[in-house]
Amino acid sequence: QAPPVLFKHWLKNEEVEEGRTAVLHCELTKPNVPVEWRKGDTVLQSNDKYEIRQEGTRVELFIYDAEAQDA
């Protein structure tokens, strides 16, 4: 039985001015594990508003043109 995938560090709240790009990131204990970013019940997908990048154990979510409702 393989050990579970865990976060290496707790996620932190990030603040960004409206209209700027917010970057959220996490680091996992294993590389290239699929990660879902969610806002409430909605799974976020890469598009003009969101970009998801994953390299090894680091996963990032970019929120372009951030607005109050992105909180």
> Taking the simple approach of a point 7 Å from Cα along Cα-to-Cβ for both V16 and V33, what is their distance in nm?
Replying inline: 2.5
> Roughly how many percent of the accessible protein surface of the chain is carbon and sulfur, given a 1.4 Å probe and a whole-percent answer?
Replying inline: 48
>> Using a 7 Å offset from the Cα along the Cα-to-Cβ direction at both F7 and Y64, what is the distance between the two label points in nm, to one decimal?
In response: 2.6
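Over the chain, calculate the relative contact order: mean separation of alpha carbon pairs under 8 Å at least 6 apart, over the residue count, as a percent.
Values: 109 pairs, mean separation 25.0, N = 71.
Answer for the chain is 35 percent.
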> When every alpha-carbon pair in the chain is counted, what percent end up more than 18 Å apart?
Replying inline: 42
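Kindly provide the trypsin sites (Lys or Arg not before Pro) of the chain that DSSP labels as loop, not H, G, I, E or B, and whose Cβ sees at most 14 other Cβ atoms within 10 Å.
Details: sites: K8, K12, R20, R38, K39, K49, R53, R58; in loops: K8, K12, R20, K49.
Sparse-neighbourhood loop trypsin sites (Lys or Arg not before Pro): K8, K12, R20, K49.
What accessible area per residue, rounded to a whole number of Å², is obtained for the chain using a probe radius of 1.4 Å? Could you put the intermediate results ahead of the total?
Values: 5760 Å² over 71 residues.
Ligands and nucleic acids excluded, the figure is 81 Å² per residue.
The values are calculated or read from the model by the stated rules, or taken from the named source; none is laboratory data. All values derive from a computational prediction rather than experimental measurement. Cβ: placed from backbone, ideal geometry, glycine included. Neighbour counts: every protein chain shown. Each accessible area value is taken on the protein alone, full model and side chains, heavy atoms only, with ligands, DNA and RNA left out. Shrake-Rupley method; radii C 1.70, N 1.55, O 1.52, S 1.80 Å.
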